[in-house]
Amino acid sequence: MKRKIYCVFFKKKMTGLKYIVYPGKLGEKIYKNISKKAWNQWIKKQTILINENKLNMLNLKDQKIIYKKMYNFLFKKK
């Protein structure tokens, strides 16, 4: 059975993620409030950001940039 959640990104009930996709408290927040469709949109956006800005995900500074962009994309969209 698919898990239904209220997606804060699309502002409607949608299919939730199957498992926690990010560690820590933010991962739990994403799992409880972000739909599978919204998460897939973020993954596409993240790939573009990494490539365009030549980010290295092994670099802590670049990880923080993606973290901030991810939070803003998923939870601050108007």
With no solvent and one point per C-alpha, what does the Debye sum give as log10 I(q)/I(0) for the chain at q = 0.16, 0.26 Å⁻¹?
-0.59, -1.27
Is there a pair in 12/54; 12/61; 13/44 whose C-alpha atoms are over 31 Å apart, and which pairs would that be?
12/54; 12/61
When ranked by the protection proxy of mean other Cβ atoms within 10 Å per residue, highest first, what sequence do the peptides 30-38, 52-60, 8-16 form?
30-38, 8-16, 52-60
Backbone HN-Hα couplings from phi across region 54-67 [Karplus 6.51/-1.76/1.60, Hz, Gly and Pro as x]:
6, 7, 10, 6, 7, 8, 4, 4, 5, 4, 5, 4, 5, 4
Helix-only [θ]222 nm of the chain, DSSP H runs n ≥ 4, -39500 (n - 2.57) each, per residue, nearest 500
-18000 deg cm²/dmol
Counting Lys and Arg as +1 and Asp and Glu as -1 over every other residue whose Cβ sits under 14 Å from the Cβ of residue 61, the net charge comes to +3
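Each reported figure results from applying straightforward, stated rules to the coordinates on display, with no laboratory input. Fair warning: this is a prediction, and the values are worked out from it, not measured in the lab. Backbone-built Cβ (ideal geometry, glycine too); neighbour counts: all protein chains shown.
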